[in-house]
C-alpha cells in the first residue's frame, strides 16, 4: 500500500484538501492526516464542517464518510512525536501540505519542527523524499518568495493553488479538480479529474 502524509494548515483552500483526501483514499493510499488548529477553523468557515476533535473519533468519522478502512487513515495528534511521520526510519516518503499557510512554509524553510506538521516535512526533506507545498496566498511578499526559493532549491515542489481556465471550467469543483489533478500527477497516481493537455 502506498503511504503518504497529508497536512492541512490554516490557509484558505479547504475544498482542495478534502478533494485530494477523497482521491487518495479512493486510490487505496494509506494517508497519515495531520491537521493544524487553524485548519479546523478554515474547514468550518469554508465548508461548514466541524470534524471531531479527538483523533480516533475523527479518523472513524472520515473513514465512514469516504468508505475506507480505519487502517487506511491515520490521524496522529499535533504533538504525537511517536507517530511514524516524525521518524526518518518510518515516515512515508511522500508528503503534501495543502493548503500551506505562509507560517507553515516559513517554519519548514527554517527547520523549526515545533509541531508534527513541521517535523514531518523536515523528515521528508532530510530523507530526500517528495514534499509538495500548495500555498494559497496573494500577493506573495518578498519574504514568501525567498522562503519558497529556498525550499525549491532543496528539491521541494511549490505547486500554488492556481487553477487554469483552458479546460473551460463550468463550476468551482472543476477549478478544484484542476489543482488536485496536478497534485495526483506529481504524486505518480492515476487520475481522471482532468484530461491531459492535447488529448
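Restricting to region 27-44, and then to whatever is loosely packed, with under 14 Cβ neighbours inside 10 Å and out of contact with any helix residue (DSSP H, G or I) (no Cβ under 8 Å at 6 or more places or on another chain), can you tell me which residue is nearest to residue 9 (Cα to Cα)?
Result: 37.
Could you list all residues from region 73-97 that are over 13 Å from residue 126 (Cβ atoms) and surrounded by fewer than 19 Cβ atoms within 10 Å (Cβ to Cβ)?
Passing the criteria: 77, 78, 79, 80, 81, 82, 84, 90.
Give region 178-199 a look and list any residue that's in contact with a helix residue (DSSP H, G or I) (Cβ under 7 Å, 6 or more places away or on another chain) and buried (at least 18 other Cβ atoms within 10 Å of the Cβ), or say none.
Across region 178-199, the qualifying residues are 179, 180, 183, 184, 193, 194.
Among the residues of region 108-141, how many are in contact (Cβ under 8 Å) with a residue 60 or more places away in the chain, closer than 18 Å to residue 77 by Cβ and touching a helix residue (DSSP H, G or I) at 6+ places or on another chain (Cβ under 8 Å)? Show your work before the answer.
Of all residues in region 108-141, those in contact (Cβ under 8 Å) with a residue 60 or more places away in the chain come to 115-117, 120-121, 124, 134-137.
So of that shortlist, the ones also closer than 18 Å to residue 77 by Cβ come out as 115-117, 120-121.
Remaining after also requiring touching a helix residue (DSSP H, G or I) at 6+ places or on another chain (Cβ under 8 Å): 116-117, 120-121.
Residues flagged as in contact (Cβ under 8 Å) with a residue 60 or more places away in the chain, closer than 18 Å to residue 77 by Cβ and touching a helix residue (DSSP H, G or I) at 6+ places or on another chain (Cβ under 8 Å) within region 108-141 amount to 4.
Filter region 117-144 for residues that are in a helix (DSSP H, G or I) and either modelled with pLDDT under 95 or surrounded by 13 or more Cβ atoms within 10 Å (Cβ to Cβ) (or both) and give the result. Full working, then the answer.
Going residue by residue through region 117-144, those that are in a helix (DSSP H, G or I) are 117-126, 142-144.
Of everything in region 117-144, those that are in a helix (DSSP H, G or I) and either modelled with pLDDT under 95 or surrounded by 13 or more Cβ atoms within 10 Å (Cβ to Cβ) (or both) turn out to be 117, 118, 119, 120, 121, 122, 123, 124, 125, 144.
Pick out the one residue from 98, 33, 105, 18 that is in contact (Cβ under 8 Å) with a residue 60 or more places away in the chain and either outside any helix (DSSP H, G or I) or under 22 Å from residue 182 (Cα atoms) (or both).
Numbers: 33 fails: in contact (Cβ under 8 Å) with a residue 60 or more places away in the chain; 105 fails: in contact (Cβ under 8 Å) with a residue 60 or more places away in the chain; 18 fails: in contact (Cβ under 8 Å) with a residue 60 or more places away in the chain.
None of the other options fit; the residue is 98.
From the list 111, 155, pick out the single residue that is more than 20 Å from residue 36 (Cα to Cα), outside any helix (DSSP H, G or I) and at pLDDT 95 or above. Quick ask: steps written out before the conclusion?
Values: 111 fails: more than 20 Å from residue 36 (Cα to Cα).
The unique qualifying residue is 155.
Looking at residue 150, is it touching a helix residue (DSSP H, G or I) at 6+ places or on another chain (Cβ under 7 Å), more than 16 Å from residue 20 (Cα to Cα), surrounded by fewer than 20 Cβ atoms within 10 Å (Cβ to Cβ) and touching a residue at least 12 places away in the same chain (Cβ under 8 Å)?
Spelling it out, residue 150 is indeed touching a helix residue (DSSP H, G or I) at 6+ places or on another chain (Cβ under 7 Å), more than 16 Å from residue 20 (Cα to Cα), surrounded by fewer than 20 Cβ atoms within 10 Å (Cβ to Cβ) and touching a residue at least 12 places away in the same chain (Cβ under 8 Å).
The values are calculated or read from the model by the stated rules, or taken from the named source; none is laboratory data. Keep in mind the model is a prediction, meaning the values are calculated, not measured. When we count neighbours, we look across all protein chains shown, and the Cβ atoms used for this are built from the backbone with ideal geometry, even at glycine.
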